[in-house]
Amino acid sequence: MVVDDQDAQGLPGTADVLIVGAGPVGLTLAASLTAAGVTAVLIDKQAEGANTSRACVVHSRTLEVLRDLQVSEHLVSRGLIASKFTVRDRDRVLMTIDFGDLPTDYPYTLMVPQDVTEQVLLDRLRAVGGQVHRPCELASLAQDSDGVTATMATGDTIRAAYVVGTDGMHSKVREHAGIGFTGDTYAQSFVLADVHMDWHLPDTEVMLYYSPAGLVVVSALPGGRHRIVATVDEAPESPDRDFVQALVEARGPRQRPARVRDVVWSSRFRVHHRLAEHYRAGRIFLAGDAAHVHSPAGGQGMNTGIQDAACLAARLTAVLREGAADAVLDDYETERRVVAAGVVAMTDRITRIATIDSVPLRKARNALLHALDWVPAVRHSLAMRLSELAVDPHRRLQH
Ligand SMILES: Cc1cc2nc3c(=O)[nH]c(=O)nc-3n(C[C@H](O)[C@H](O)[C@H](O)COP(=O)(O)OP(=O)(O)OC[C@H]3O[C@@H](n4cnc5c(N)ncnc54)[C@H](O)[C@@H]3O)c2cc1C
């Protein structure tokens, strides 16, 4: 469980940057700014951090970015390395994407529960002298040419040069900045379950099963658990063992089917695909789920958000510590919004292709994927995309 600093009382009256929301994105931003000598104040309305495993995939590019913050080695030591991603239709492998050849020091996908990622980021924030002010809820924002005044639900105020909303999908910062959040909601729900189960396929592989009933993703987690993610039309709020067993039986391997022994944690949630119309409104910025939400297929959400935070931290540091011109901050939206637009489109495609229910179309899809599996350049390009190594313009400039 993430243990936090329980002292909303110690809230300072001023800051260079006020960060609203201490999820993985806010923690990354606060630790990066504090390490660079910028006075950042991080607040969260919850009395303590979330302790559920939610986003479990950390991709190569995120590990590269977090290495600068000295957290990647800690994450790797607590995660499980998956070097392959396969797309399957029951027992047939349609495509194998190998991360082992990626041009990075982290040629794999790291499976690590989100509460562990948040704990590692919080440890780093504390190590560089920062903290989370909890419970501390933002109520309103008013900006002028010199700064932003943020008012908390308690009536306390903070005056900051800049405010960043890392306050998730229902962002109050986004609402106060008047930024639209366009997109839609998937008709289906997503089921997530962390289970103990008998499973004969390797722990080093993440498997996406296509099925007319909906997709199911199976991956191993540290501690002998497996993560199941599936799309379903109707699901109970906390799916139980029998529900998850029926899902993997209907959609997973036929030969040597899985046997779910128990469910450690499960959840059902509706997924939206939405993108903020802007990432900046004057002195207010958005990052993470406040700026983009999409299907969890491909495990891109938290990764894209952490990379937003690293990009914005570098730009705010350049302006606040190194005297760079304000225009540097405009580049944040130029650089990162296009990445999120690509992620929203890609995850939408994966989700729709995975759930095709017309038999002829399914056959055509499977044949096409199987044919593409013979083309190494296609497999490599998909690995570069999924690992987010290909989509970060900053990295393309570095390499
Ligand atoms: C059940 C579930 C399962 C998921 N599974 C996956 C998955 O399998 N793969 C994947 O990639 N992603 C998944 N996600 C999404 C992933 O968890 C998010 O992408 C990630 O948490 C985004 O991080 P964030 O820091 O932007 O926002 P969040 O983690 O949402 O953090 C926002 C923080 O802001 C705080 N806050 C909100 N409003 C205020 C306010 N007014 N004042 C102060 N604080 C405020 C909240 O308390 C919260 O701590 C899942 C999400 C959920 C809910």
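If you check Arg261, Arg321, Arg254 for being in contact (Cβ under 8 Å) with a residue 40 or more places away in the chain, basic (Lys, Arg), in a helix (DSSP H, G or I) and more than 13 Å from the ligand (Cβ to nearest atom), only one passes: Arg321. The residues on offer are Arg61, Arg54, and the sole one that is of a type outside the set (Ser, Thr, Tyr) and part of a helix (DSSP H, G or I) is Arg61.
Residues of segment 32-62 that are within 19 Å of Met384 (Cα to Cα) and away from the ligand (no atom under 15 Å from the Cβ): none at all. Among the numbered conditions (1) assigned to a loop (DSSP other than H, G, I, E, B); (2) within 12 Å of the ligand (Cβ to nearest atom), the only one that Arg174 does not meet is (1). Counting just the residues of segment 264-280 that are crowded, with 18+ Cβ neighbours inside 10 Å and more than 30 Å from Gly214 (Cβ to Cβ), which one comes out nearest to the ligand (Cβ to nearest atom)? Checked segment 264-280; the qualifying residue nearest to the ligand (Cβ to nearest atom) is Tyr279.
Report whether or not Pro296 is surrounded by fewer than 24 Cβ atoms within 10 Å (Cβ to Cβ) and within 19 Å of the chain's Cα centre (by Cα).
yes
Scanning segment 224-242 for residues that are more than 16 Å from the ligand (Cβ to nearest atom) and at pLDDT 95 or above turns up Gly224, Asp240, Arg241, Asp242.
Scanning segment 177-214 for residues that are more than 16 Å from the ligand (Cβ to nearest atom) and assigned to a strand (DSSP E or B) gives Thr182, Asp184, Ala187, His196, Met197, Asp198, Glu205.
Scanning segment 108-131 for residues that are closer than 22 Å to Leu192 by Cα and polar (S, T, N, Q) yields Thr109, Gln114, Thr117, Gln119. Taking the criterion of being in a strand (DSSP E or B) and crowded, with 21+ Cβ neighbours inside 10 Å, the residues of segment 157-171 that qualify are Ile158, Ala160, Tyr162, Val163, Val164, Gly165. Asp348 meets the conditions (1) more than 9 Å from the ligand (Cβ to nearest atom); (2) closer than 26 Å to Ala31 by Cα; (3) not hydroxyl-bearing (Ser, Thr, Tyr) in every case but one. The failed one is (2). Residues that are buried (at least 18 other Cβ atoms within 10 Å of the Cβ), within 16 Å of the ligand (Cβ to nearest atom) and among the hydroxyl-bearing types (Ser, Thr, Tyr) within segment 102-156 comprise Thr109, Thr117, listed in sequence order.
Using the structure shown, decide if Asp115 is of a type in the set (Asp, Glu) and over 20 Å from His226 (Cβ atoms). In short, no. Exactly one residue among Ala364, Ala309, Ala313, Ala340 is over 15 Å from the mean Cα position of the chain (by Cα), assigned to a helix (DSSP H, G or I) and within 16 Å of the ligand (Cβ to nearest atom), and that residue is Ala313.
Note on segment 61-73: residues that are without any contact (Cβ under 8 Å) to a residue 60 or more places away in the chain and within 18 Å of the chain's Cα centre (by Cα) amount to 4. Restricted to segment 65-156, the set of strands (runs of 3 or more DSSP E) holding at least 2 residues that are touching a helix residue (DSSP H, G or I) at 6+ places or on another chain (Cβ under 8 Å) comprises 84-89, 92-98, 109-111, 138-143. For Val206, the criteria (1) closer than 30 Å to Thr28 by Cβ; (2) in contact with a His (Cβ under 6 Å, 6 or more places away or on another chain) hold in every case but one, which is (2).
Output the residues belonging to segment 84-101 that are surrounded by 23 or more Cβ atoms within 10 Å (Cβ to Cβ) and out of contact with any Leu (no Cβ under 7 Å at 6 or more places or on another chain). Correct list: Phe99 only. Looking across Arg349, Arg385, Arg336, Arg321, one residue alone is surrounded by fewer than 17 Cβ atoms within 10 Å (Cβ to Cβ) and within 22 Å of Arg274 (Cβ to Cβ). It is Arg349.
From the list Gly13, Gly26, the one residue that fits, being crowded, with 23+ Cβ neighbours inside 10 Å, closer than 19 Å to Val164 by Cβ and either at pLDDT 95 or above or within 14 Å of the ligand (Cβ to nearest atom) (or both), is Gly26.
The values are calculated or read from the model by the stated rules, or taken from the named source; none is laboratory data. The shown structure was predicted, so the numbers you read here are calculated from the model rather than taken from an experiment. Please note: Cβ atoms are built from the backbone with ideal geometry, for glycine as well, and neighbour counts cover all protein chains shown.
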